[in-house]
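The block underneath contains the structure these notes are about, expressed in structure tokens.
The values are calculated or read from the model by the stated rules, or taken from the named source; none is laboratory data. As the structure is a prediction and not an experimental result, all values here were calculated from the model. With ideal geometry, Cβ positions are generated from the backbone for all residues, glycine too; neighbour counts draw on all protein chains shown.
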Amino acid sequence: MKFITDRKFKFKVLGIPIYSALLDHRIKYENFFNTFFKVRKFTNSAETKRFKIFNYTFFEQTETNDFIYSKSEFHKKYTNKLSALKKYLNTQIDSKYTKIFILKSNLGEAYIFLKYIINNLTENEDKILIACTKKSHVSIANMLLPNVETKLLSNTLPEIEYNTFKIGNQQYYIAFPMKFYINTESAINNNNAVYLDEIYKYFNISAKHSTENTLHISKAATQKIDNYLAKNNIKKFIFIVKNAKTCTTIPDKFWNELEKSLSIKVIYNDETMPLDETYYLAAKSEAIISLRCGLSEILSESGKPHIILYTDFINRFRFKPITKDKIINGYSIKTITPAANKIIEIEYSDNSKTKIIKSITETLLHKKEKTK
């Protein structure tokens, strides 16, 4: 029931309407049993949510850059979002830390921030904490900054538009507010911007003078993967990542046909596998094939030949449609890695799948040189 991949969705049981939805970047409308309705509308300055029973609105909430105003038959409430965030953080963050970095990002942006950005925002005397809102953040932080402490916070923190603020003597940074993602996609759509450049500009950092961190893989992770490969007598394989949260899914039929065309064992990404084990497993492969996803950034560091397939972003509330030709330029993995010469980026379409499979097979099995 992933209605977000389509503009319209209907679900019936025995001919009885159970659920329907309509979605674009300005409105998200959900209908439950033709009785309960949930409506979200978004403009550049505010988002409004309404919960209705038939035509009666029993709850309404309007969120601006700075405030949340909610009302029902029983109460009205104004909330200053920055004040609410600070109040929450005061209960969660020890005063011993001088700089706290809150990760509210997708996996790819979290990797880029911790690899290329964070060092340029800190001094040797700083006591640092990486505050995570996803378990994957903790994993990538432990891989890139194993000596820095982490803490897992709620993933429903109040959404503010600032990238930095202070609480007493503590400096907080947010990577990244929702407004950053909206503005970045707009720049990519309208001005052919590159997302890595937008990240540097957002924190006013020069890419030429930035320092970076190196991935560290635990001995336990390497031993576990080495034992798995030895136990199953796997010496050569290709590692495939076929799922992504933002890009449109490629049909299983393509992946099945691709696997058949490759005369080598294929191992698919297991999303339940710890991130460090996933990276090390991919690094042991002959090559990597992935749908463009946050994992693509991390796997590019392996230095292995890497073929990345690009599709349109799924239809998402708050975000205007963005097509694969814009994505392959604006979110190119080649812009972030020294191993760019080992990366091939391809725009996927169902109409060209046979040609794509042939190209991938020839490139990986016959060492055919190919550029974008």
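Laid out as a table, the results:
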item: Matching residues, segment 95-126, being assigned to a loop (DSSP other than H, G, I, E, B) and of a type in the set (Lys, Arg); result: LYS96, LYS104
item: THR98 vs. criteria modelled with pLDDT of 95 or more, under 30 Å from ILE199 (Cβ atoms) and β-branched (Val, Ile, Thr); result: yes
item: Yes/no for ALA283 being among the small types (Gly, Ala, Ser) and surrounded by 16 or more Cβ atoms within 10 Å (Cβ to Cβ); result: yes
item: Residue list for segment 76-117, filter: surrounded by fewer than 17 Cβ atoms within 10 Å (Cβ to Cβ) and either in contact with a His (Cβ under 8 Å, 6 or more places away or on another chain) or β-branched (Val, Ile, Thr) (or both); result: THR79, THR91, THR98
item: Strands (runs of 3 or more DSSP E) contained in segment 27-91 and holding at least 3 residues at pLDDT 90 or above, more than 26 Å from PHE319 (Cα to Cα) and over 28 Å from the mean Cα position of the chain (by Cα); result: 76-80
item: THR122 vs. criteria touching a helix residue (DSSP H, G or I) at 6+ places or on another chain (Cβ under 6 Å), surrounded by 16 or more Cβ atoms within 10 Å (Cβ to Cβ) and without any contact (Cβ under 8 Å) to a residue 24 or more places away in the chain; result: no
item: Some residue of segment 9-24 being of a type in the set (Val, Ile, Thr), part of a strand (DSSP E or B) and without any contact (Cβ under 8 Å) to a residue 12 or more places away in the chain; result: yes
item: Residue among ASN155, ASN227, ASN191 that is outside the structural domain of SER302 (by TED's automatic domain parsing) and either surrounded by 14 or more Cβ atoms within 10 Å (Cβ to Cβ) or out of contact with any Lys or Arg (no Cβ under 8 Å at 6 or more places or on another chain) (or both); result: ASN191
item: Matching entry among LEU152, LEU103 (being in contact with an Asp or Glu (Cβ under 9 Å, 6 or more places away or on another chain) and at pLDDT 95 or above); result: LEU103
item: Residue match in segment 127-137 (condition: under 19 Å from ASN169 (Cβ atoms), among the basic types (Lys, Arg) and either surrounded by fewer than 18 Cβ atoms within 10 Å (Cβ to Cβ) or at pLDDT below 95 (or both)); result: yes
item: Residue tally, condition under 19 Å from the mean Cα position of the chain (by Cα) and outside any helix (DSSP H, G or I), over segment 173-202; result: 7
item: Within segment 230-262, tally of residues that are surrounded by fewer than 17 Cβ atoms within 10 Å (Cβ to Cβ) and closer than 13 Å to LYS284 by Cα; result: 4
item: Test for SER218: is it within 26 Å of LEU114 (Cβ to Cβ) and among the polar types (S, T, N, Q); result: yes
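Let's see how each residue does on (1) small (Gly, Ala, Ser); (2) in contact with a Phe, Trp or Tyr (Cβ under 6 Å, 6 or more places away or on another chain):
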residue	(1), (2)
TYR172	no, yes
LYS179	no, no
ASN191	no, no
ILE199	no, no
ALA220	yes, no
THR249	no, no
